Amino acid sequence: MIEKINLEHILFLDIETVPEEENFNVLDETKQALFDQKTKYQRKDDFTPEEFYERAGIWAEFGKIICISVGYFTFKGDIRHFRVTSFFGDEVKILKDFSNLLNNHFSQPQHILCGHNAKEFDFPFIARRMIIHQLAIPMKLNLFGKKPWEVPHLDTMELWKFGDYKTFTSLKLLTNVLGIPSPKDDIDGSEVAHTFYVEKDIDRIITYCEKDVIAVAQVLLRLRREDLLIEEEIIHI
């Protein structure tokens with residue numbers, strides 16, 4: 001029962017990713033051919049690999065992480081706060097800093113990672129990029145040998161499915177139906193690469209990513225039938 005989980009034991013997170021290079025032509029011939037093969041089904045005859053490359057950020061083999069935002073609850077008596085921070089810059093540094101956070105503060109058996117569609121995207125993407133950069137995978141992301149009930153992950157999209165695996169519910173839709181202020185009031189995922197490579201506005205991306213982390217926490221509070229966070233309870237650090 002999610003109501004029995006101590007909120008202070010949960011690390012909420014969201015990642016933002018972009019194509020590993022700014023444009024398709026920068027890739028060597030081998031990587032171009034591999035991207036062509038990988039995306040054949042999605043592209044069909046509608047797009048060339050070059051035209052489709054703007055979406056490469058959804059695959060860990062062709063994309064990279066430019067921001068990981070995290071949030072966690074703290075309680076002092078009746079006072080509740082939700083602290084939010086972000087890792088950004090060089091991808092290797094992002095991954096090392098995030099790994100240090102997990103290993104130093106969220107590595108105990110009671111600790112849980114939580115995101116929206118994170119079991120399908122965020123968690124495996126982070127782990128794969130760590131392998132690519134030859135970094136050690138933190139215990140909370142290394143699922144090898146774990147039984148399903150031993151995996152320390154919560155996924156708000158999975159919780160909303162209630163066993164219905166045919167559906168995909170976006171965070172924007174879920175916050176809307178649950179009466180939560182929408183986090184998608186600036187850019188959306190399809191605009192992140194342009195914002196990063198063309199506008200070079202990482203601050204805008206960080207804001208967007210942190211709003212998603214807050215939204216995931218709000219969804220979990222709704223699922224637990226608890227009061228939503230108010231602005232005064234959210235602390236950006």
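The values are calculated or read from the model by the stated rules, or taken from the named source; none is laboratory data. Everything numeric in this text was worked out from a predicted model, so none of it was measured. Cβ atoms come from the backbone with ideal geometry, glycine included; neighbour counts cover every protein chain shown. These accessible areas exclude ligands, DNA and RNA; they are computed on the full protein's heavy atoms, side chains included. Shrake-Rupley method; radii C 1.70, N 1.55, O 1.52, S 1.80 Å.
Structure data summary
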item: Sites residue 97 and residue 51, calculated FRET efficiency, Cβ-Cβ separation with R0 35 Å, nearest 0.05; result: 0.50
item: 0 to 90° range, to nearest 10: angle between helix 91-105 axis and the chain longest Cα axis; result: 20 degrees
item: Charge tally in the Cβ shell below 14 Å around residue 111, where Lys, Arg are +1 and Asp, Glu are -1, residue 111 excluded; result: -1
item: 1.4 Å probe accessible area per residue over the range 132-231, in Å²; result: 58 Å²
item: Selection of chymotrypsin sites (Phe, Trp or Tyr not before Pro), the range 142-226, meeting DSSP coil and at most 10 other Cβ within 10 Å; result: 144, 162, 165, 168
item: Charge tally in the Cβ shell below 14 Å around residue 144, where Lys, Arg are +1 and Asp, Glu are -1, residue 144 excluded; result: +3
item: For the range 17-60 and the range 88-124, distance of Cα centres in Å; result: 26 Å
item: Rounded to whole Hz, the Karplus (6.51, -1.76, 1.60) HN-Hα couplings of the range 210-225, x for glycine and proline; result: 5, 5, 5, 4, 4, 5, 4, 4, 5, 4, 5, 4, 4, 5, 8, 6
item: The chain: angle of helix 29-38 to the longest principal axis, Cα-based, in degrees nearest 10; result: 60 degrees
item: Calculated from backbone phi, Karplus (6.51, -1.76, 1.60) coupling profile of the range 137-150 in Hz, x at Gly/Pro; result: 7, x, 4, 5, 10, 8, 8, 4, x, 8, 6, x, 7, 9
item: Exceeding the 31 Å Cα-Cα cut-off - candidates 96/166; 44/147; 64/147; 40/146; result: 96/166; 44/147; 40/146
item: Approximate spin-label separation residue 90-residue 191, in nm, with each point projected 7 Å along Cα-to-Cβ; result: 3.1 nm
item: With every protein chain in place, the chain: carbon and sulfur % of accessible area (1.4 Å); result: 52 percent
item: Gain in span if fully extended, residue 237 to residue 33, counting 0.36 nm per residue against the direct Cα distance; result: 69.2 nm
item: Straight-distance crosslink candidates among lysines, where the alpha carbon sits under 17 Å from residue 211 and sequence neighbours closer than 8 are dropped; result: 172, 184
item: 11 Å reach of a label modelled at residue 59, 7 Å along Cα-to-Cβ, counting backbone N of the range 11-45; result: 31-43
item: FRET efficiency for residue 25 and residue 107, using Cβ-Cβ distance with R0 set to 41 Å, rounded to 0.05; result: 0.45
item: Mean residue ellipticity (222 nm) of the chain, computed from DSSP H runs ≥ 4 via -39,500 (n - 2.57), nearest 500; result: -10500 deg cm²/dmol
item: Gain in span if fully extended, residue 230 to residue 44, counting 0.36 nm per residue against the direct Cα distance; result: 62.4 nm
item: Amide hydrogen neighbours beyond the local backbone of residue 11, cut-off 5 Å, H modeled; result: 112, 113, 114
item: Linear extension gain, residue 78 paired with residue 178, 0.36 nm per residue minus alpha-carbon span; result: 33.5 nm
item: Nearest-0.05 FRET efficiency for residue 201 and residue 151, computed from C-beta distance (R0 41 Å); result: 0.70
item: 13 Å beta-carbon shell around residue 54, net charge (K/R +1, D/E -1); result: -4
